[in-house]
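Notes to accompany the following structure.
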Amino acid sequence: MGPGDWLSLAQGALVTVALSLAAIAIGLPLGLALALVRWRGVPYASPAIATLVSLLRAAPGVTLGLLIFFALPTVGISIEAIPAAIVTLTLITAAFDCEIWRGALVDFPRDQLEAAQSVGMTAGTRLRLIVLPQILRSALPALVNEMTLLVKASPAVAVLGVVDITRAAVRIGANTYEPLPPFSAALVIYSLVVFLFVLAQRLVERRRRAAEVA
Amino acid sequence: MNAPPPVLEVRALTKSFGDHVVLDGIDLVVARGETVCILGPSGSGKSTLLRCLNWLETPDSGTVVLSRERLGVLPGGNHRMSDAALARMRTRIGFVFQHFALWPHLSAIENVMIAPLHVQRRPRAEVRAEAEALLAKVGLADRADYFPAKLSGGQKQRVGIARALAMKPELLLFDEPTSALDPELVGEVLVVMRELARDGMTMVVVTHEMGFAREAANRVVLIDHGRVVETGTPEAFFDNPQTERARQFLMRYAGASTRANGAAAAG
Amino acid sequence: MTTGLAILWEHRDLLIDGFLTTLWLAALSALASLALGSLLAIALMARRPMVARASGALVDAMRCVPFLLFAYIIYYGLPSLGLRFSNWSSGLFALIVYNTAYMAELLRGAWRGLPVEMIEAGHAFGFHGIRLVRRIILPPVILAAVPMLGNQVIQIIKDSAFLTIIAVEELTHAATVIQQTYFLPFASFVSALLLYWVLCVGVEQLVRRVGAHAEARR
């Protein structure tokens, strides 16, 4: 494998990481919004979201990506590979984030909410000043864990034709007739990226445990 | 000359949880500056009654009127009050919780300041000065920047009282404020409450502390099985109970308390 | 859309075959990786630090590897080892090796959660070595690990979809074939997703049933 090959692998890795980060950035607030709707028990919307989240959490990235990429054009929405990839990854991570946020909301101590009610805070103010600052902290380890899982699942976008690290490795292998080196290199590079997220997760968990002890 | 309206008027309050009737027609009137202690055995409905007074629990029927304004229901009598209107009325009622219910991500002084700042939208400098004064009043001036995790139970409850006072309420409600405290921390909270009563705060206190009821209350109300059994001045109630149930209650509960007080005084 | 469903129903055999392949792959790899993971978990908990640390590093490394890339490596790598596996067998092999690490880590976590007295009692009654592990340690460990095992099985079901890229004829592959042959992208992939959903919900229900059974026996 020549230096040019390494470069395309690196570029491919960048593409997949960028897509993952985009999905994470949108999925986090989207998951929170969905969780809040479920927490408030909004009629019709709550059970609909529950069903949708259950479906998405069972959906393999490849299958969902194929659905979005090939099926949307049939209902008139033309979509390209990269947006389809982002939509796919975002939907999946938002569904998992929704469950994480919801877990934190359900566990939230009721007496703190009652204290906020008793000083005359309305629902929006309670959310902003009392609930969100605290669940951001409590949900963080699980959320970072989900980021790690998303990065690991992101090679699914290769099936849509996005030139991510998997496709880059495929191309190099096709050109050199030696698939093992590029795939091994791809595996190592991508595992290192995942490892960075794992380190971040361990850091978050360590700081959380230290805060609890103090 | 017209007398000022009572701060609180409760009429025919009922509340059931499923089949269990907790409040069975409660009437209560609290005048300005009065301190009313609500006593009763466990399960008598005392806490539920208190929580109905600021609509943390919604009563099934009956009325709660705060300074001639009806709580929880619009003037017509048919429609539930909007969340915003209810929140506005709640700013006039202070509530002190049995388990303190402080917000753990805020320091003591931030706990006291947050509602005047964001609900009443008062200027920060004014709110800060008042918060410091209130914390000083409850004896916690040097703990202003401490977080609840670093405070003892008695200190947390005193912050809770300061937090309730910061809204300048017309009425203060106390839900068994010392029941969750270790015995040696009870005193510091009762001292603060006695001072508030002396200063003319209108207070309704649900408590087991008979000593406090004797010394600080203008009136004592005994509740059992969701009804008012007897009401009167502390002297009348403790020394000369009129009803059989009151006598039974005093024998079971007040006896232990006076014995403990006597032991503390002797030791 | 309705004509699409009609055509899909006509050719449902393809979809059903794919579904069964997915089910078969997931079940086999789950059982095999659980068995192998149990052995690896023993190495993780070994008293000899070299063994524990080496296996720990291996497991940590595997848990950073994306499954698709790993499957590719197995697919292209096995022939160079002289092993001529079918695509299906390569896929199964990849799933088993990959998930052995996860199962081991899962079981180690459950193991750590065991009360020490239970093991001490085992020692006191003369259990040691393999017998201690088999009779005293593993049963409560596996029972405590059931919810996490359920999640791992769901992950295996989803990872199996990656194998479509190395031409294993599982559910996603079947859906793709239908979509390409009969131009039914919506019907084919929605059906596939619904079938994955049914599988995952089934696993969750099973976990709940086992959990209730375990609670009752306590």
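Taken together, the values in this text are just the output of simple stated rules run on the coordinates, not laboratory data. Predicted model only: the values in this text are computed from it and were never measured. Cβ atoms come from the backbone with ideal geometry, glycine included; neighbour counts cover every protein chain shown.
Does A:Ala158 count as among the small types (Gly, Ala, Ser), away from chain B (no Cβ under 14 Å) and crowded, with 18+ Cβ neighbours inside 10 Å? Answer is yes for this residue. Looking across the range B:1-31, the residues that are in a strand (DSSP E or B) and β-branched (Val, Ile, Thr) come down to B:Val10, B:Thr14, B:Val21, B:Val22, B:Ile26, B:Val29, B:Val30. Just a yes or no: is a residue in the range C:150-167 touching a Leu at 6+ places or on another chain (Cβ under 6 Å), hydroxyl-bearing (Ser, Thr, Tyr) and facing another protein chain (nearest Cβ under 10 Å)? Yes, the range C:150-167 contains at least one residue that is touching a Leu at 6+ places or on another chain (Cβ under 6 Å), hydroxyl-bearing (Ser, Thr, Tyr) and facing another protein chain (nearest Cβ under 10 Å). Of all the listed residues (B:Ile114, B:Ile109), the sole one being of a type in the set (Val, Ile, Thr), out of contact with any strand residue (DSSP E or B) (no Cβ under 6 Å at 6 or more places or on another chain), assigned to a helix (DSSP H, G or I) and more than 9 Å from chain A (Cβ to nearest Cβ) is B:Ile109. Looking only at the range B:32-86, filter to residues that are hydroxyl-bearing (Ser, Thr, Tyr) and over 16 Å from the mean Cα position of the chain (by Cα); which one of those is nearest to B:His225 (Cα to Cα)? Here the answer is B:Ser44. Answer yes if at least one residue in the range A:129-143 is within 20 Å of the chain's Cα centre (by Cα), in a helix (DSSP H, G or I) and facing another protein chain (nearest Cβ under 9 Å), and no otherwise. Yes, because at least one residue in the range A:129-143 is within 20 Å of the chain's Cα centre (by Cα), in a helix (DSSP H, G or I) and facing another protein chain (nearest Cβ under 9 Å). Summed over the range A:78-120, residues that are free of Cβ contacts under 8 Å to residues at least 60 places away in the same chain and of a type in the set (Ser, Thr, Tyr) total 2.
B:Lys46 - would you say it is in contact with a Pro (Cβ under 7 Å, 6 or more places away or on another chain) and either of a type in the set (Lys, Arg) or at positive phi (or both)? When the stated conditions are applied, B:Lys46 does not pass them. C:Trp111 meets all of the listed conditions (1) in contact (Cβ under 8 Å) with a residue 40 or more places away in the chain; (2) under 18 Å from the mean Cα position of the chain (by Cα) but one, namely (2). The set of residues from the range C:162-180 being assigned to a helix (DSSP H, G or I) and touching a residue at least 60 places away in the same chain (Cβ under 8 Å) comprises C:Phe162, C:Leu163, C:Ile165, C:Ile166, C:Leu171, C:Thr172, C:His173, C:Ala174, C:Ala175, C:Val177, C:Ile178. Criterion first (within 13 Å of another protein chain (Cβ to nearest Cβ) and buried (at least 21 other Cβ atoms within 10 Å of the Cβ)) does B:Ala149 satisfy it? It is false that B:Ala149 is within 13 Å of another protein chain (Cβ to nearest Cβ) and buried (at least 21 other Cβ atoms within 10 Å of the Cβ).
If we keep just the residues of the range B:71-106 that are surrounded by fewer than 16 Cβ atoms within 10 Å (Cβ to Cβ) and away from chain A (no Cβ under 12 Å), which is nearest to B:Asp175 (Cα to Cα)? The residue in question is B:Arg80. Picking from residues in the range A:38-54 that are assigned to a helix (DSSP H, G or I) and either surrounded by 22 or more Cβ atoms within 10 Å (Cβ to Cβ) or not aliphatic (A, V, I, L, M) (or both), the one that is nearest to the chain's Cα centre (by Cα) is A:Val53.
Looking at (1) away from chain C (no Cβ under 13 Å); (2) under 30 Å from A:Val170 (Cα atoms); (3) assigned to a helix (DSSP H, G or I), which is the only condition A:Met1 fails? Condition not satisfied by A:Met1: (3).
Look through the range A:164-214, keep the residues that are within 13 Å of chain C (Cβ to nearest Cβ) and among the polar types (S, T, N, Q), and return whichever of them is farthest from A:Leu14 (Cα to Cα). Per the criteria, the residue is A:Thr176.
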